[in-house]
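K.L.:
First, the structure itself, so that you have it in front of you.
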C-alpha cells in the first residue's frame, strides 16, 4: 500500500497522496479528504441551491460518490477539480428538479435586492455580507457558478474551466458579467462596491 508523505501530519499530504490511499481502501485517508473539503463544498453548494439542509444532503451524496467512484479518478486533473465537478453536477440536478434554473434580468435583480438599512455610513463588513449574498443568489446560474468558484472559492481560471467544462475565455466573461451585475446592485453599499469596482475580490468577505 502506498504511504502518505508526512504521515505524522496527514493534513499536509497532497490530495493525490490521499486519493492513492483511498483507492487502496484506506478509510483514514478518506476521512482526511472529507475533513479537507466538507466546509468548502458546503459553502459552494449552499450558495448555489440556497438551502442549507439540501446543501448538506448534497455534500453527503458527493462524498458517497467520491468513495464509490474512487477507482475512476485519474491524476490527469487535480483532485479538487474532480470533487467540485461531482458536487456541481449534483447541485445542478437539484436545481433542475426544483425548476429553479432562472435567468433573471438586471432590472428584476435591482428591484429584488433593494434592502433598506437605516444607517449605511456605520455598516460593518459583517453587516454587508447578507446584502451581497442576496445579490449573488439572484445571479443567473451560469454567472453565479463562475463567480462563486473564482471570488469565493479562490479557484484559478483554468481550474474553473475544467470544472465547468467551458473555455477559459468564457469563464472570464461570465465572472466579469457577474461582477458588473453585482456592482450595479451594490452601488449604495460603498464598502462592497469599491472592491468589485477595482476587481479585488479579496475585499469581499462572505463567511
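The values are calculated or read from the model by the stated rules, or taken from the named source; none is laboratory data. Every value quoted in this text rests on a predicted model; they were computed, and no experiment measured them. Please note: Cβ atoms are built from the backbone with ideal geometry, for glycine as well, and neighbour counts cover all protein chains shown.
K.L.:
Would you be able to tell me the number of residues in segment 183-204 that are under 17 Å from the mean Cα position of the chain (by Cα) and either surrounded by 15 or more Cβ atoms within 10 Å (Cβ to Cβ) or at pLDDT 60 or above (or both)?
P.N.:
2
K.L.:
Would you check which residues across segment 141-170 are outside any helix (DSSP H, G or I) and surrounded by 15 or more Cβ atoms within 10 Å (Cβ to Cβ) and list them?
P.N.:
153, 155, 166
K.L.:
Let me ask something else. Residue 173: surrounded by fewer than 16 Cβ atoms within 10 Å (Cβ to Cβ), modelled with pLDDT of 95 or more and not assigned by TED's automatic domain parsing to the domain that holds residue 75, yes or no?
P.N.:
For residue 173, the condition - surrounded by fewer than 16 Cβ atoms within 10 Å (Cβ to Cβ), modelled with pLDDT of 95 or more and not assigned by TED's automatic domain parsing to the domain that holds residue 75 - is met.
K.L.:
Further question on the same structure: When the residues of segment 71-99 are filtered to those that are outside any loop (DSSP other than H, G, I, E, B) and touching a residue at least 60 places away in the same chain (Cβ under 8 Å), which remaining residue is surrounded by the fewest Cβ atoms within 10 Å (Cβ to Cβ)?
P.N.:
Among those that are outside any loop (DSSP other than H, G, I, E, B) and touching a residue at least 60 places away in the same chain (Cβ under 8 Å), it is 85.
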